[in-house]
Amino acid sequence: MKRLIDRIDTRTATEKLGLECWHEIEQTNAHRVGDLIDCSQCDALDFPLGLSAYKTTPVFNQQTIPKGFRRAHSTKKGVWALIKIVSGQVHYVVDDLDELCVVLDENLEGVIAPQMMHHLDVIGDVELYVEFYTH
């Protein structure tokens, strides 16, 4: 997914690029703040270090999961989220990654990258909540 460079550290031999998604990458190519580059870490759903939770939804079940969760939607710029399953299972579909589908359960949480389209397909009885993170 293309991400905006919002900071550059040039104190090292390679440039350390800070992206709007909170990932940092090192490159030797010349870049400027405001350039768009591919973030392979977002595409791998790699949760950045140093984020803090700022909001948690209530626990939803198969009847109370908001309808918006069941259709393609995304978080805001700079906002990451984790889907946490209390019990049961749900299909987590990442529309922006060729509809990557992962079955989430109590042992596997879903990582939501900023502005990446995704939705949930309910399998059966499930209880889940979502935690939102930013820098």
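Where a number appears in this text, it was derived from the coordinates with a stated rule and is not lab data. Everything numeric in this text was worked out from a predicted model, so none of it was measured. A quick note on method: Cβ atoms are made from the backbone with ideal geometry, for glycine too, and the neighbour counts reach across all protein chains shown.
The number of residues in the range 29-76 that are small (Gly, Ala, Ser), over 20 Å from Arg7 (Cα atoms) and free of Cβ contacts under 8 Å to residues at least 40 places away in the same chain comes to 2.
Hey, can you tell me all the residues within the range 87-135 that are among the acidic types (Asp, Glu), closer than 19 Å to Gly68 by Cβ and in a strand (DSSP E or B)? Matches in the range 87-135: Asp121, Glu127, Glu131. Identification of strands (runs of 3 or more DSSP E) wholly contained in the range 1-86 with 2 or more residues that are polar (S, T, N, Q) and either surrounded by 11 or more Cβ atoms within 10 Å (Cβ to Cβ) or under 20 Å from the mean Cα position of the chain (by Cα) (or both) yields 52-56.
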